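The values are calculated or read from the model by the stated rules, or taken from the named source; none is laboratory data. If you're wondering where the values come from, they're calculated on a predicted model, not measured in any experiment. Cβ atoms come from the backbone with ideal geometry, glycine included; neighbour counts cover every protein chain shown. In case anyone asks, the SASA skips ligands and DNA or RNA and just uses the protein heavy atoms, side chains included. Shrake-Rupley method; radii C 1.70, N 1.55, O 1.52, S 1.80 Å.
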Amino acid sequence: MKKFQLGQSRENVINLFPEKAIRRVKLGEKEIGIVRIGEIFFAFDSLCPHRGASLIQGSINGYEEIICPLHQYRFDLKTGALHSGSCSDLEVYQTNLTDEGLIIQLNSGN
Ligand code: FES
C-alpha cells in the first residue's frame, strides 16, 4: 500500500480541483484520474478497462458515474462498478480529505 498526499490543506486541495473537472495526476509510476464532487474526491485508473481509452477525457454525470469517451460505458466513481457496458470494473483508489491535504492510497502492486 502506497500513500500519496496532494496539496497542503483542505482549502488548498479543493481549489486545486475545480468541481467535476477530471484531472490527470501522476503518483510515482502510476497515472490516475481525480475528480471532486463537493468535498468528495474520487480517484481512479486513468485508462478504461474496456479498450484502454483515456478516462481523463471522460465526463461525469449526476449519478457519481464516469462515462468513457470512446464507447460511453459508465462506471461508479465510488466503487468502480460497471453500470453500463460489458467489461471488468474500473479500478478505484481510496481518498481521504484531511486538514493536511488529500491522501490517496494506491493498492500494493500498482
Ligand atoms: S474504451 Fe472505454 S468504453 Fe470502450
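Odds and ends about this structure:
- Computed from backbone phi, the HN-Hα couplings of the stretch 7-19 come to x, 10, 7, 4, 5, 4, 6, 5, 5, 5, 10, x, 3 Hz, rounded to whole numbers (Karplus: 6.51 cos²θ - 1.76 cosθ + 1.60, θ = phi - 60°; Gly and Pro given as x).
- 3J(HN,Hα) along the stretch 28-38, derived from phi through the Karplus expression 6.51 cos²θ - 1.76 cosθ + 1.60 where θ = phi - 60°, amounts to x, 8, 9, 10, 10, x, 10, 9, 10, 10, x Hz, with x in place of Gly and Pro.
- The amide H of E91, built 1.01 Å from its N in the peptide plane, has D45 as neighbours under 5 Å, considering only residues 5 or more places off or on other chains.
- Spin-label pair D99-S86: with each label point 7 Å from Cα along the Cα-Cβ axis, the two points sit 5.2 nm from one another.
- Remark on the stretch 68-110: hydrodynamic radius 12.1 angstrom, per the Kirkwood mean of 1/r across alpha carbon pairs.
- Between L70 and Q57, the simple spin-label model (points 7 angstrom out along Cα→Cβ) gives 1.0 nm.
- Taking all Cα pairs closer than 8 Å and separated by 6 or more residues, the relative contact order of the chain comes to 30 percent.
- Solvent-accessible area, 1.4 Å probe, carbon plus sulfur percent, for the stretch 1-67: 47
- The tail of the calculated P(r) for the chain beyond 22 Å holds 27 percent of all Cα-Cα pairs.
- With protein chains left intact and a 1.4 Å probe, residues in the chain average 54 Å² of accessible area per residue.
- In the chain, the DSSP-assigned H stretches of four residues or longer account for a calculated mean residue ellipticity at 222 nm of -1500 deg cm²/dmol, using -39500 (n - 2.57) per stretch and the full residue count as denominator.
- Three-way shape call for the stretch 1-56 based on the alpha-carbon gyration tensor, with the a/c threshold at 1.5: oblate
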